[in-house]
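Visitor: Quick one: structure below, then a few questions.
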């Protein structure tokens, strides 16, 4: 089992010496660290105890380097809190411990270091102080071991405590795509650019394509190391080094992320739930400028409190984080908020997704209700998906949009979607997901809208789909529209005929005069054959003969076109479909007697018995219908 151990504690409380004694590795890499005797940046070491393999992230204790400590705190499974026996609890002990609590680290143990510098009475006092300090927290029942890195006293006991604590660490629920927050970038001779970090989720293998975020650059993985060993693939929770092809290491910096490509979208605004530390100097205020630490990144941001204008110390609330530069995150990811100046940890929380828009006062109650439900459903993929689908309303949401918010792998998404489909909670509209209640609401709206349109226009037998779309399907995706109409058609509640729809059993309600007008139109077109008058002339004559207004006659004419009884050749010429089909048959009979199946305009006029005025529009119509195809000044009969 791979376990990431993060050190925590005040400067000069012996964290680095303790890691060196445990692992044999000096994590102070920089000459300045050697010279000054303090840890400035992150250090890394490894230790194997039985079945457990520990990756140590040694963090700096100085208050000036807390941001470096936070970069290392990302991905920690277990914290090793170091408290010096000769000093006890100090300011950075408190801040580091607050950070661990806000990141919701669940496991850990405490080392009282420099045991050799104090007597037993002092050691007991510090032990009591530490016990009181962690009371009621995740370290309440954690082992407390007195050690000396100089003499080695207590080190074996600490190793045993590490192994014991490791046995209760739960394996990570690996729901997400491959994500590696980068904490180091460097060049290795003969290999090129290398990045390191704790693999937050998923797997990264040699040959994979990954995306460098937030810059959106796609790169290839040349090689992978995990815990110092070359591997073909590294898994979630491991310290991982990735050799990247096609990029200079100077183009990569701490705070960036490599991930499965094409899933996560950088944004500059997140909705989040925050908890303000009880000993914070003041409340978290709207418009307050802060430093937000997500993964290994530090980003400046403004806080917008969604309810009211502030969140008091010791309280929780919902906010929008408006970042000054893009960042990438997933639903449920923990973050830390530090004040802009002086830099102090004041709050922490979890990401609840990218903000849909700047929050407006009238929208706040609805948004708060949604965020409250999401915050309690973070570990329930089915419920989270249900909430996201429901939030999307009639428009629906597709898999790519859900994965960009959650970071879920394909398998996790499909499992959650299948569960909700089985429960009939959502409807899959060809990859766009809508809640069952919204889908049924759309069906009801469509039937009601068509009915109203029929009532408003008793002459119309059908409703143009475009008109229905404008009234019943506003902001609805085409996939959802199609699924709703097909569902109603399958239940025999409406009929779809090309670009028009109508309710089953609904016919035009015509007066005697209107019925007579419709009959006149039919007779006129049947009698005219292929050489018909212009449409406007036929409508005017039918209106005059029947005493019905031209607008009504035009609707009756349109019914005949919609039903296919009349075929519109162009804007001026409409011909009865029976006449056109007879001509098609004659043309194809001619083709059967002609080896090259070609026909010119003169021959077409002869066969059709029409003038050039009608021959050319008819040939162009035949071209559109793929009955003929132009070949120079002739047509190939298909």
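The values are calculated or read from the model by the stated rules, or taken from the named source; none is laboratory data. Please read these numbers as outputs of a predicted model, since none were measured by experiment. Neighbour counts are summed over all protein chains in view; Cβ atoms, including those assigned to glycine, are modelled from backbone coordinates with ideal geometry.
Visitor: Which ones in segment 243-278 are under 18 Å from residue 95 (Cβ atoms) and touching a residue at least 40 places away in the same chain (Cβ under 8 Å)?
Guide: The first filter runs over segment 243-278 and keeps only residues under 18 Å from residue 95 (Cβ atoms), leaving 274-278.
Once the filter is applied, which keeps residues that are under 18 Å from residue 95 (Cβ atoms) and touching a residue at least 40 places away in the same chain (Cβ under 8 Å), segment 243-278 yields 274, 275, 276, 277.
Visitor: Taking the residues in segment 532-552 that are under 59 Å from the mean Cα position of the chain (by Cα) and not in a helix (DSSP H, G or I) as candidates, determine which candidate is nearest to residue 512 (Cα to Cα).
Guide: Ranking the qualifying residues of segment 532-552, first place goes to 548.
Visitor: Given (1) touching a strand residue (DSSP E or B) at 6+ places or on another chain (Cβ under 7 Å); (2) surrounded by 13 or more Cβ atoms within 10 Å (Cβ to Cβ), where does residue 528 come up short, assuming only one miss?
Guide: Unmet for residue 528, out of (1) touching a strand residue (DSSP E or B) at 6+ places or on another chain (Cβ under 7 Å); (2) surrounded by 13 or more Cβ atoms within 10 Å (Cβ to Cβ): (1).
Visitor: Considering 503, 530, which residue is touching a helix residue (DSSP H, G or I) at 6+ places or on another chain (Cβ under 7 Å) and outside the structural domain of residue 608 (by TED's automatic domain parsing)? Talk me through it step by step, then tell me what you get.
Guide: Details: 530 fails: outside the structural domain of residue 608 (by TED's automatic domain parsing).
Residue meeting the stated conditions: 503.
Visitor: Now a separate question. Given the criteria closer than 22 Å to residue 384 by Cα, in the same structural domain as residue 484 (by TED's automatic domain parsing) and touching a helix residue (DSSP H, G or I) at 6+ places or on another chain (Cβ under 8 Å), does residue 457 qualify? Talk me through it step by step, then tell me what you get.
Guide: On the way: closer than 22 Å to residue 384 by Cα: no; in the same structural domain as residue 484 (by TED's automatic domain parsing): yes; touching a helix residue (DSSP H, G or I) at 6+ places or on another chain (Cβ under 8 Å): yes.
Judged against the criteria, residue 457 is not a match.
Visitor: Right, another one. Taking residue 401, is it surrounded by fewer than 16 Cβ atoms within 10 Å (Cβ to Cβ) and either part of a helix (DSSP H, G or I) or on the phi > 0 side of the Ramachandran plot (or both)? Lay out the reasoning, then the answer.
Guide: Numbers: surrounded by fewer than 16 Cβ atoms within 10 Å (Cβ to Cβ): yes; either part of a helix (DSSP H, G or I) or on the phi > 0 side of the Ramachandran plot (or both): yes.
So residue 401 fits the description; yes.
Visitor: How many residues are buried (at least 20 other Cβ atoms within 10 Å of the Cβ) and more than 23 Å from residue 265 (Cα to Cα) when one looks only at segment 339-393?
Guide: Number of matching residues: 3.
Visitor: When you scan segment 322-343, do you find a residue that is modelled with pLDDT under 95, touching a strand residue (DSSP E or B) at 6+ places or on another chain (Cβ under 7 Å), farther than 26 Å from residue 182 by Cα and assigned to a strand (DSSP E or B), even just one?
Guide: The answer is no; no qualifying residue exists.
Visitor: Moving on to the next point. Looking only at residues that are in a loop (DSSP other than H, G, I, E, B) and in contact with a strand residue (DSSP E or B) (Cβ under 6 Å, 6 or more places away or on another chain) in segment 404-431, which one is nearest to residue 269 (Cα to Cα)?
Guide: 407
Visitor: Here's a follow-up. Just to check your reading of the model, which residue among 414, 394 is within 15 Å of the chain's Cα centre (by Cα) and closer than 28 Å to residue 484 by Cβ?
Guide: On the way: 394 fails: within 15 Å of the chain's Cα centre (by Cα).
Every option except 414 fails the conditions.
Visitor: Sticking with this structure for a sec: Among the numbered conditions (1) modelled with pLDDT of 90 or more; (2) crowded, with 17+ Cβ neighbours inside 10 Å, tell me where residue 137 comes up short.
Guide: Only one criterion in (1) modelled with pLDDT of 90 or more; (2) crowded, with 17+ Cβ neighbours inside 10 Å is unmet by residue 137, namely (2).
Visitor: Given the residues 551, 536, 596, which is the only one that is exposed (fewer than 14 other Cβ atoms within 10 Å of the Cβ) and modelled with pLDDT under 90? Spell out the reasoning first.
Guide: Working: 536 fails: modelled with pLDDT under 90; 596 fails: modelled with pLDDT under 90.
From the options 551, 536, 596, the qualifying one is 551.
Visitor: Ok, one more. When residue 258 is evaluated against the numbered criteria (1) assigned to a strand (DSSP E or B); (2) at positive phi, which criterion, by number, is the only one it fails?
Guide: Among (1) assigned to a strand (DSSP E or B); (2) at positive phi, residue 258 violates only (2).
To keep it simple, each residue is scored yes or no on (1) out of contact with any strand residue (DSSP E or B) (no Cβ under 9 Å at 6 or more places or on another chain); (2) under 21 Å from residue 45 (Cα atoms); (3) part of a loop (DSSP other than H, G, I, E, B); (4) outside the structural domain of residue 330 (by TED's automatic domain parsing).
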{"residue": "152", "(1), (2), (3), (4)": "yes, yes, yes, yes"}
{"residue": "156", "(1), (2), (3), (4)": "yes, yes, no, yes"}
{"residue": "159", "(1), (2), (3), (4)": "no, yes, no, yes"}
{"residue": "190", "(1), (2), (3), (4)": "yes, no, yes, yes"}
{"residue": "194", "(1), (2), (3), (4)": "no, yes, no, yes"}
{"residue": "197", "(1), (2), (3), (4)": "no, yes, no, yes"}
{"residue": "210", "(1), (2), (3), (4)": "no, no, no, yes"}
{"residue": "218", "(1), (2), (3), (4)": "no, no, no, yes"}
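Visitor: Separate question: Would you confirm whether or not segment 227-237 contains a residue that is under 22 Å from residue 3 (Cα atoms), free of Cβ contacts under 8 Å to residues at least 40 places away in the same chain, crowded, with 16+ Cβ neighbours inside 10 Å and under 21 Å from the mean Cα position of the chain (by Cα)?
Guide: Looking through segment 227-237, none of the residues is under 22 Å from residue 3 (Cα atoms), free of Cβ contacts under 8 Å to residues at least 40 places away in the same chain, crowded, with 16+ Cβ neighbours inside 10 Å and under 21 Å from the mean Cα position of the chain (by Cα).
Visitor: Kindly provide the set of residues from segment 179-188 that are part of a strand (DSSP E or B) and within 23 Å of the chain's Cα centre (by Cα), ordered by number. Step through it out loud before you land on a result.
Guide: Narrowing segment 179-188 to residues part of a strand (DSSP E or B): 179-181, 184-188.
Passing the criteria: 179, 180, 181.
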